[in-house]
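> Quick one: the structure is below, questions incoming.
What follows is calculated from the coordinates using simple rules that are stated; it is not laboratory data. Fair warning: this is a prediction, and the values are worked out from it, not measured in the lab. Cβ atoms come from the backbone with ideal geometry, glycine included; neighbour counts cover every protein chain shown.
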Amino acid sequence: MPISPARTTAYRILRRVEAGRGFGADLLQTQEVSALKEADRRLATELVMGVLRWRGELDFQIGEISGKPVERLDLEVATILRMGVYQIQFLERVPKAAAVNEAVEMTKAAHKRSAAGLVNAVLRQCPTGRGAIRPRRFDELDEAMLASVRRATPAWLLERWANNFAQAGTAGNDVALRLAWASTQVPPTVLRVIEFAQDIPRLREELAAEGIRTKAGKFSSRALVVESGNVQASHALRQGRVVIQGEASQLVADLLVPQAGCRVLDLCAAPGIKAGQIAQALGSGALVTCDLSASRLHTMARLLPHWLPKEVQWLAVRLDATQALPFRCPFERVLLDAPCSGTGTLARNPEIKWRLRPTDLTRLAEAQVKMLKSALGSLSSAGRLVYATCSLEPEENECVVDRVLEESPGYRVVSPAELKCEYPALSSLFDPPGYLRTRPDLHSMDGFFAAVIVRKSQTNFSVSSVPLKS
């Protein structure tokens, strides 16, 4: 029997992800996927992201049924079995027979004909009945389901979350499980309205007429959370009046608050979503965007011009932000959205939890320290720097800031009192040291960390109004 285009595409993407040649969310945006029929595109997306989110649990089920660990299977066979088990256990509308039969055919097509019997036997013995897992709340999960959630996240990551959040005065094990649960859920699609003057209620009505239901964001007045509908097909997105950007990401760029006419440096800017947001807020002046990756700079060069006001001069520079920066003039605003582990975005990029190793955190932190030192060297005397990551790990967040400021005594983190005065809508997101933190389990958005840094001589911290909830 022929193999459906959706399953063939999902298999190819998962194999590329397993080989470390991309992220699932990015690979699902390729021409191969866009060319699929709508139903096939949805199934391919569900299979890729579902398998990556629940891989640990799927591997456990395969091992229990087959009597051998997944590590002993060929990668092609393991991928096909994960896809099959996911369909049988999590997708109620997919007939079990279809999942089994196509998995067997895929095994043969992958030149693993000798494993076809094993694939057939494992999937036929696989129990059904987990399709209702995702709409449920964490507090409604029973012990069996909690065990599945534990297996869906590497044990070392659960342990470190439990230890870190317990030190913060909370029940660490409970927080760790809630974070693990959040990483298995489908995160909301969020839009940022590009123009400040956009009539947002009218825009929402326009989207609703296209079958796209939205609600206002929790913190940003320009954030619209998509509740249902295909936003990719909307006129507003195609015309560039909105852009897909998580609300936590929007808040990080809002903290920079560039003043009209000033110079802004975005050190790790590609692919340019935050840079576009900064340019819109800047209105006029100069924006320098940097990145180490030539391919990512190319993507930014394609996207960013659509969002640049005519009065903003833009320069893109390829550089290594861990090295001394080549700029002779200081910048009034600097954004360092540092490359990080990404543990705050596991629901969007679930392969991270299977690729990441504890030693990676030390390596990343060393690079982040170098970047922050370089960034401070380009900050003007009255400037403001925002250091941000999409990580939940202290090594990449407060530890980096504390270490750099200890070696750079002329700078300080803006206090929570100052920040809450200027950003009252974000008061609940600032912790006692003044760091902004968002968490998937608490705020239904990606986990971000941000520190606003100024010179100690800058005692009066003030910003212009920003489009945040009041």
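> Counting only DSSP beta bridges with both residues in the chain, what percent are antiparallel, rounded to the nearest 5?
Antiparallel bridges: around 55 percent, rounded to the nearest 5.
> Suppose R0 equals 25 Å; then what is the FRET efficiency for Glu206 and Gln259 from their Cβ-Cβ distance, rounded to the nearest 0.05? Kindly include the intermediate steps, with their values, before the conclusion.
Details: r = 32 Å, r/R0 = 1.29.
E between Glu206 and Gln259, to the nearest 0.05, is 0.20.
> Which whole number of Å³ per residue matches the convex hull of the alpha-carbon atoms in the stretch 138-184? Working shown, then result.
Working: hull volume 2.9 nm³, N = 47.
So the per-residue Cα hull volume is 61 Å³.
> With each run of n ≥ 4 DSSP H residues scored as -39500 (n - 2.57), what mean residue ellipticity at 222 nm is computed for the chain after dividing by its residue count and rounding to the nearest 500 deg cm²/dmol? Present the calculation step by step, with values, prior to reporting the outcome.
On the way: 21 runs with 212 residues, N = 470.
Rounded to the nearest 500, the figure is -13500 deg cm²/dmol.
> Shape verdict for the stretch 140-279, please, from the Cα gyration tensor: rounded (a/c under 1.5), prolate (a/b greater than b/c) or oblate.
On the way: a/c = 2.76, a/b = 1.54, b/c = 1.79.
In terms of gyration-tensor shape, oblate.
> Which of Leu141, Val225, Gly434 sits closest to the plus end of the dipole of the chain, meaning its Cα is farthest towards the positive end, when Lys and Arg get +1 and Asp and Glu get -1 on the C-beta?
Val225
> Residue by residue through the stretch 259-269, what is 3J(HN,Hα) from phi via Karplus (6.51 cos²θ - 1.76 cosθ + 1.60, θ = phi - 60°)? Round to whole Hz and write x for glycine and proline.
Computed from phi, the couplings for the stretch 259-269 are 8, 3, x, 8, 9, 10, 10, 10, 7, 10, 8 Hz.
> Listed here are the pairs Lys310/Lys373; Lys274/Lys353; Lys310/Lys370; Lys218/Lys456; Lys68/Lys112; which of them are more than 28 Å apart at the Cα? Display every interim value, and only then the final one.
Numbers: Lys310/Lys373 32 Å; Lys274/Lys353 25 Å; Lys310/Lys370 34 Å; Lys218/Lys456 32 Å; Lys68/Lys112 17 Å.
As for pairs spanning more than 28 Å Cα to Cα, those are Lys310/Lys373; Lys310/Lys370; Lys218/Lys456.
> Now for a separate question. So for Phe449, Phe60, fewest C-beta neighbours within 10 Å to most, what's the order?
On the way: Phe449 27, Phe60 19.
In increasing order of surrounding Cβ atoms, one gets Phe60, Phe449.
> Can you run phi through the Karplus equation (6.51, -1.76, 1.60; θ = phi - 60°) for the stretch 312-325 and list ³J(HN,Hα) in whole Hz, with x for Gly and Pro?
9, 7, 10, 9, 9, 10, 8, 7, 9, 5, 7, 9, 4, 7
> Hey, got the dipole for the stretch 5-125? About the Cα centre, +1 on K and R Cβ, -1 on D and E Cβ, debye to the nearest 20? Please list the in-between numbers first.
On the way: 19 positive and 15 negative charges, 41 e Å.
Using Cβ point charges on Lys, Arg, Asp and Glu, the stretch 5-125 gives about 200 debye.
> Also, I was wondering about something else. Can you give the translational diffusion coefficient of the stretch 1-46 in µm²/s, computed by Stokes-Einstein from the Kirkwood radius over Cα pairs at 4 °C and 1.567 mPa s?
Details: Rh = 10.6 Å.
D = 123 µm²/s.
> Rounded to whole Å and sorted largest first, list the principal axis extents of the Cα atoms in the stretch 189-244.
23, 21, 18
> Also, quick follow-up: Would you mind calculating the relative contact order of the chain from Cα pairs under 8 angstrom and at least 6 residues apart, reporting the percent as a whole number? Don't skip to the answer; put the middle values down first.
Details: 812 pairs, mean separation 54.5, N = 470.
Once divided by the residue count of the chain, the mean separation gives 12 percent.
> While we're on this one: Under DSSP H, which helices of the chain have Cα atoms covering 27 Å or more of the helix axis and a Kyte-Doolittle average no less than -0.5?
On the way: long enough: 358-377 (30 Å, -0.01).
For the chain, where a helix must reach 27 Å along its axis and average at least -0.5, the hits are 358-377.
> Moving on to the next point. How many angstrom lie between the C-alpha centres of the stretch 234-301 and the stretch 86-109?
When both Cα centres are located, 42 Å separates them.
> Something else: Give me Leu251, Leu442 sorted ascending by neighbouring Cβ count inside 10 Å, so fewest comes first. Walk me through the intermediate numbers first.
Working: Leu251 26, Leu442 15.
Sorted ascending by nearby Cβ count, the order is Leu442, Leu251.
> Follow-up question, since we're still on this one. Kirkwood hydrodynamic radius (Cα pairs, Å) of the stretch 347-470?
Values: mean 1/r = 0.0637 Å⁻¹.
Computed over the stretch 347-470, the radius equals 15.7 Å.
> Then there's this: Can you put Trp307, Trp156 in order of Cβ neighbours within 10 angstrom, beginning with the fewest?
Values: Trp307 19, Trp156 11.
Starting with the residue having the fewest Cβ neighbours, the order is Trp156, Trp307.
> Okay, moving on. How big is the shadow of the Cα convex hull of the stretch 290-362, averaged over all directions, in nm²?
Values: hull surface 29.0 nm².
Computed as one quarter of the Cα hull surface, the answer is 7.2 nm².
> Right, next: In nm, what is the difference between 0.36 nm times the number of residues separating Thr359 and His306 and their Cα-Cα distance? Can you show the working numbers first?
Values: separation 53, 0.36 × 53 = 19.08 nm, distance 3.96 nm.
Stretched fully, the Thr359-His306 segment lengthens by 15.1 nm.
> Taking square-rooted eigenvalues a ≥ b ≥ c of the alpha carbon gyration tensor, is the stretch 263-330 rounded, prolate or oblate, where a/c under 1.5 means rounded and, failing that, a/b exceeding b/c means prolate? Present the calculation step by step, with values, prior to reporting the outcome.
Values: a/c = 2.24, a/b = 1.22, b/c = 1.83.
Cα axes put the stretch 263-330 in the oblate bin.
> Can I ask one more? What is the percent of Cα-Cα separations in the chain that go past 29 Å?
52 percent
> Under a crude label model (7 Å from the Cα following the beta-carbon direction), how far is Arg328 from Leu292 in nanometres?
My value for the distance between the label points is 2.8 nm.
> While we're on this one: Cα to Cα, under 18 Å, and not fewer than 8 places away if on the same chain: which aspartates and glutamates meet these conditions relative to Lys108?
In chain and number order, the partners are Asp74, Glu76.
> Can you tally the net charge around Thr299? Count Lys and Arg as +1, Asp and Glu as -1, for every other residue whose Cβ sits under 14 Å from the Cβ of Thr299.
The answer is +2.
> Rounded, prolate or oblate: which fits the stretch 247-455 when a ≥ b ≥ c are the square roots of the eigenvalues of the alpha-carbon gyration tensor, with rounded for a/c under 1.5 and prolate only if a/b beats b/c? List each step's numbers first, then the result.
Details: a/c = 1.29, a/b = 1.16, b/c = 1.11.
Cα axes put the stretch 247-455 in the rounded bin.
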